[in-house]
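Have a look at this one.
The values are calculated or read from the model by the stated rules, or taken from the named source; none is laboratory data. These numbers were taken from a predicted model, which means no experiment stands behind them. FYI the Cβ positions are ideal-geometry reconstructions off the backbone, even for glycines, and counts take in every protein chain you see. Just the protein is used for accessible areas: all its heavy atoms, side chains included, with ligands, DNA and RNA removed. Shrake-Rupley method; radii C 1.70, N 1.55, O 1.52, S 1.80 Å.
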Amino acid sequence: MKYVSGYQCTICQQQYPITYKQLTCEKCGEKGILDIQYDYEAIKSNINKEAFLSSTEFNIWRYLPFLPVHNKPDNCLTVGGTPLYRAKNIEKDLQINEVYIKDEGVNPTGSLKDRASIIACAKALEEKVQDVACSSTGNAATSLAGNAAKLGLKTHIFVPKRVPDGKLAQLIAYGANVIKVNGDYKAAFNVSKKAIEKFGFYNRNAAINPCLVEGKKTVVMEIIEQLDFQTPYYILVSVGYGCTIGSIYNGFL
């Protein structure tokens, strides 16, 4: 948070100070997703390659200067620092010089979403909010429930009524309050929005909270560092929606 200079709407480019409390642009409404702005000149003056090489953090907090939180939460799960494997068999089959696979499955709840959820939990703690919430049918909900449970936060997950029982197992194991909503994911999102506004839960919905993209972007920063600070030509990402693509993009800024 030390280097965050403010926020900017991705639609109208309206800028807001770091004291701005809304998650979206006041002019563009929910469509006005915000980008977090950093003082990169200040970062360059204080952070360099040697700072990373001397760091004793081998996880997401290695990149704290590039994150919208003040500090690493005490007693949190270890998120990030996942291995990068060279896929020589794929290189041979496709006749490509170098191919690497980033294994996000070794994160605490088994997915990239842990990078976003730990930031949500850290922000909730900083804002002294004890309840976090989101609408989800899978990995985002599981990662939020797991990371929140470790930090003593309460989790409220809104899911479509027809979500498979198998997907609810981890949520229940982590002690999440699961609310089944009649309808599809959009209906679950709308109910979660109303509940968040009414009860003051911290909003972990990635489609609307700009802080969560910043957590997921660290996967790119790790890849670059694991490649000896060389930028890859391409990064192929499997996605279900656009937030992860935005996260990958932000990692190159």
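Measuring from centroid to centroid over Cα atoms, what is the spacing of the range 29-48 and the range 53-121 in Å?
21
Additional query: Rolling a 1.4 Å sphere over the protein heavy atoms, what is the accessible area per residue of the range 1-155, to the nearest Å²?
Value returned for the range 1-155: 52 Å² of accessible area per residue.
Additional query: When only the heavy atoms of the protein chains count and the probe is 1.4 Å, how do ILE96, ILE224, ILE119 rank by accessible area, highest first? Could the numbers behind the result be given before it?
On the way: ILE96 80, ILE224 30, ILE119 0 Å².
Of ILE96, ILE224, ILE119, the descending order of accessible area is ILE96, ILE224, ILE119.
OK, next. Evaluate the charge dipole of the chain about its Cα centre and quote only its size in Debye, nearest 20, assuming +1 on the Cβ of each Lys and Arg and -1 on the Cβ of each Asp and Glu. Working shown, then result.
Details: 29 positive and 24 negative charges, 172 e Å.
Charge dipole, the chain, about its Cα centre: 820 debye, nearest 20.
Moving to a separate point now. Looking at the chain, what % of its DSSP beta bridges pair antiparallel, to the nearest 5?
Numbers: 12 of 24 bridges.
So the antiparallel bridges in the chain amount to around 50 percent.
With θ set to phi - 60° and the Karplus curve 6.51 cos²θ - 1.76 cosθ + 1.60, what are the ³J(HN,Hα) couplings of the range 123-140 in order, to the nearest whole Hz, using x for Gly and Pro?
Calculated HN-Hα couplings, in order: 5, 4, 5, 5, 8, 6, 10, 9, 10, 10, 8, 6, 9, 6, 10, x, 4, 4 Hz.
Once ligands and nucleic acids are excluded and a 1.4 Å probe is used, how much of HIS70 is accessible, expressed in Å² to the nearest 10?
Its heavy atoms expose roughly 110 Å² to the probe.
Which percent of the accessible area of the chain is formed by carbon and sulfur heavy atoms (probe 1.4 angstrom)? Show your work: numbers first, answer last.
Numbers: 7060 of 13620 Å².
Its accessible area is 52 percent carbon and sulfur atoms.
Taking the full set of protein chains and a 1.4 angstrom probe, give the accessible area of TYR100 in square angstrom, rounded to the nearest 10.
Estimated to the nearest 10 Å², TYR100 gives 80 Å².
With semi-axes √(5λ) of the Cα gyration tensor in Å defined as stated, name the option among [x] 24, 22, 18; [y] 38, 20, 16; [z] 29, 23, 18 computed from the structure displayed.
Only one listed value fits the structure, namely [z].
Here is a further query. In the full protein assembly as shown, how much of ILE33 is accessible to a 1.4 Å probe, in Å² to the nearest 10?
50
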